[in-house]
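Remarks on the structure that follows.
The values are calculated or read from the model by the stated rules, or taken from the named source; none is laboratory data. Just so we're clear, the structure is a prediction, and the values are computed from it rather than from any experiment. No Cβ is skipped: glycine too gets one built from the backbone with ideal geometry, and neighbour counts run over all protein chains shown. Side chains included, ligands, DNA and RNA excluded: accessible areas come from the protein's heavy atoms. Shrake-Rupley method; radii C 1.70, N 1.55, O 1.52, S 1.80 Å.
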Amino acid sequence: MCGIAGEFRFDDRPADLGAIERITQHLTARGPDASGFHSAGPMAMGHRRLKIMDLCEASGQPMIDPTLGLSMVFNGAIYNYPELRAELEGLGYSFFSQGDTEVLLKGYHAWGEALLPRLNGMFAFAIWERDSRQLFIARDRLGIKPLYLSKTADRLRFASSLPALLKGGDIAGVLNPVALNHYMSFHAVVPAPDSLIAGIEKMPPGHWLRVQADGRIEQQRWWSLPFGARENEQNYTFEDWQERTLAALRESVALRQRAAVDVGVLLSGGVDSSLLVGLLREAGAADNLLTFSIGFEDAGGERGDEFKYSDLIANHYQTRHHQLRIQEKEILEQLPAAFQAMSEPMVSHDCIAFYLLSREVSKHCKVVQSGQGADELFAGYHWYPQVDGAEDPAAAYLTVFRDRSYEEYAETMQQHWAQGDFSGDFVRQHFAQPGAEAAVDKALRIDSTVMLVEDPVKRVDNMTMAWGLEARVPFLDHNVAELSARIPARYKLPDGGKYVLKEAARKVIPAEVIDRPKGYFPVPGLKHLEGETFNWVRELLLDPSQERGLYNPQALDRLLSDPHGQLTPLRGSKLWQLAAVNLWLSEQGL
């Protein structure tokens, strides 16, 4: 787990190593244990290292193999690297290190882009081919590891975070109107390749790029998520799907235990994280199994913690449990730092929960498992039944998911930002693509390949890496994701969603955490905007120094006059969404 950066020039000038040093320095939190640089003519690479898989200096990066003529930087973890290494050794390759980085380097030499489907893990990496003067870049299937790009006529730069890329210079830092429309109406989800800053793109998940010396770029999708049971699965019973779900998760959890002496779990007390604890116990995690839960002050009549359920699991499995309770004052004190750590602003109020929880976890271990992805893969959200069977699936989805219609967006923003219904067009186009026939499967596909990447997964990566903590997400093993897409919706939707997963979980964890009401990391103070939190948000939005010509003053006044009545269909505060943009821009110095 690391931070990576690089520049490839197309104008016959040497790469700007100074720019790469500034970018890499900004990635220090992602890799606090070591740093490295490599420059060779038009190519320069930087790396910040978090030592987990292989602690030896031989696995340092950038990794260079002069015999093969390859050098690389890599962020992530390849869980099946021992098996791939054995296969490569059988082909005659020898190794000078013990970790997964060299396996990637030599696997690419052996198989080229055909290496990618062989990988089980999370990754973003770049490989420089010395002799052909080509750069190869790839990102994992579900976008667990981020990669941001900036391309001009003269050069391509990449980095693990958007704020780091800005440190390289020559990026104006102006907002992208397409991305702003997505952010304000698609629950802060900005689909790749767009980012909130014009001139910076996100590498799409499940894609690779090959960049030529003259700047030409070839891009290909190397993985997709098709829905529907295979021919040999058509007669599977509900019990068959339960059995296969549990088997896939057992394998995924065990695989992600590799190279982790102290194993932690972010334990919310829900089915997903509780199941991870139970499966880790099955996989052999004993006295070193740590669990971490967080709670906040109640607000708006809503309870701010789920300690009742997390304590139940911690006691049942006798974990080394850590309970963290946060007061409103600390939330307000720490929000700026949390937003500084975001590659793009995120409005989910549990971002601050992940940020503060990660701070606590990082004091005890370097690796933590988290339950992201279960709701998107196994239909755990409330809107899926409302889309199921709809005559116009895209329209149904937009009704239950989108924060604002385009008309409301145009009323909220100043006129020059209202350039088109980009989020609505994106959803309609995505739903029209082949590969998912049923209405609910179309919703599951956009959530698992777009929304999941740009909200829950990005949230966990940004907030954990702010504290040099590696988060592993077993539900996002591609085998689990592909299996979930083949399970018929009728086995997912009942019992409030995730039916097949809940029934499989009964074989592992206590029923009390399965039959409870659905919960989440609650931060009621940010949802309901009361007391000091509301005053803080109001001052942020009305501060003349924060005026950027974004919001219609009349719309802003209306929102401020009725903060409790302005909730999105997903029950988030529309006012908080506006304030989050201002806060993020301010923390990035824009």
Original post:
Looking at segment 286-433, what % of its DSSP beta bridges pair antiparallel, to the nearest 5?
Top reply: 10
**OP:** List the lysines whose Cα lies under 17 Å from the Cα of Lys151, skipping any in the same chain that are fewer than 8 positions away.
**Re:** Lys167, Lys202
**OP:** Any chance you could look up the accessible area of Val174 with a 1.4 Å probe, heavy atoms only, rounded to 10 Å²?
**Re:** 80
Original post:
Can you give the % of DSSP beta bridges in the chain that are antiparallel, to the nearest 5?
Top reply: 75
Original post:
Dipole of the chain (Lys/Arg Cβ +1, Asp/Glu Cβ -1, origin at the Cα centre): which of Ser132, Ser586, Leu119 lies farthest to the positive side?
Top reply: Ser132
**OP:** Starting at the first residue of segment 370-387, write each ³J(HN,Hα) from the Karplus equation 6.51 cos²θ - 1.76 cosθ + 1.60 with θ = phi - 60°, in whole Hz, x for Gly and Pro.
**Re:** 9, x, 4, x, 5, 5, 6, 7, 10, 6, x, 8, 5, 7, 5, x, 6, 8
Subject >> Euclidean distance of C-alpha centroids, segment 300-338 and segment 94-134, integer Å >> reply: 40
Original post:
Points 7 angstrom from Cα along the Cβ direction at Ala58 and Glu539: gap in nanometres?
Top reply: 5.7
Original post:
On average, how much accessible surface per residue is there in segment 459-590, in Å², for a 1.4 Å probe, leaving out ligands, DNA and RNA?
Top reply: 36
Subject >> Centre separation in Å (Cα based) which lies between segment 135-205 and segment 359-401 >> reply: 23
Original post:
Using modelled amide H (1.01 Å from N, peptide plane; none on Pro or chain starts), what sits under 5 Å from the amide H of Met413, excluding residues fewer than 5 places away?
Top reply: Asn552
Subject >> Cross-link reach list, lysines versus Lys502, counting only Cα pairs under 22 Å and skipping chain neighbours closer than eight places >> reply: Lys308, Lys492, Lys518
Original post:
What is the distance in Å between the Cα centres of segment 24-55 and segment 462-494?
Top reply: 28
Original post:
At a probe radius of 1.4 Å, what is the per-residue accessible area of Leu91, in Å² to the nearest 10?
Top reply: 110
**OP:** Please give the solvent-accessible surface of Lys167 in Å², to the nearest 10, using a probe radius of 1.4 Å with every protein chain present.
**Re:** 100
Original post:
Taking only DSSP H segments of four or more residues, each worth -39500 (n - 2.57), what value at 222 nm results for the chain once the sum is divided by all its residues, to the nearest 500 deg cm²/dmol?
Top reply: -10500 deg cm²/dmol
**OP:** Mind listing the long-range amide H neighbours of Gly121? Cut-off is under 5 Å, sequence gap 5 or more, other chains count too, H placed in the peptide plane at 1.01 Å from N.
**Re:** Tyr79, His478
Original post:
How do Glu7, Glu437 stack up against each other in accessible area, from largest to smallest, with a 1.4 angstrom probe?
Top reply: Glu437, Glu7
Subject >> Compactness index (Cα Rg / 2.2 N^0.38 Å), segment 436-537 >> reply: 1.35
Original post:
Rounded to a whole number, what % of the accessible area of the chain do carbon and sulfur atoms account for, probe 1.4 Å?
Top reply: 47
Subject >> Under 15 Å from the Ala283 label point (7 Å along Cα→beta-carbon), backbone N, segment 352-369 >> reply: 366-369
**OP:** Work the Kirkwood hydrodynamic radius out for the chain: mean of 1/r over every pair of different alpha-carbon atoms, inverted, in Å.
**Re:** 24.5
**OP:** Report the semi-axes of the equivalent ellipsoid for segment 1-99 in whole Å, largest first, where each axis is √(5λ) for an eigenvalue λ of the Cα gyration tensor.
**Re:** 25, 18, 10
Original post:
For segment 132-240, with equal point scatterers placed on the C-alpha atoms only and solvent neglected, what are the log10 I(q)/I(0) values from the Debye formula at q = 0.10, 0.22 1/Å, to two decimals?
Top reply: -0.40, -1.28
**OP:** For Asp515 and Arg221, calculate 0.36 nm times their separation in residues minus their Cα-Cα distance, and state this gained length in nm to one decimal.
**Re:** 101.9 nm
Subject >> Net dipole in debye of the chain [+1 Lys, Arg Cβ; -1 Asp, Glu Cβ; about Cα centre; nearest 20] >> reply: 820
**OP:** Tabulate in residue order the Karplus-calculated ³J(HN,Hα) for segment 226-238, using 6.51 cos²θ - 1.76 cosθ + 1.60 with θ = phi - 60°, rounded to whole Hz; enter x for Gly and Pro.
**Re:** x, 9, x, 5, 5, 4, 7, 10, 4, 9, 5, 8, 4
Original post:
Whose amide H sits under 5 Å from the amide H of Gly295, counting only residues 5 or more places off or on another chain, with H placed in the peptide plane?
Top reply: Leu324, Arg325, Ile326
Subject >> Backbone HN-Hα couplings from phi across segment 306-322 [Karplus 6.51/-1.76/1.60, Hz, Gly and Pro as x] >> reply: 10, 4, 3, 8, 5, 5, 4, 5, 4, 6, 4, 9, 6, 7, 7, 8, 10
Original post:
Given 20 °C and 1.002 mPa s, how large is the Stokes-Einstein diffusion coefficient of segment 296-348 in µm²/s, with Rh as the Kirkwood radius over Cα pairs?
Top reply: 158
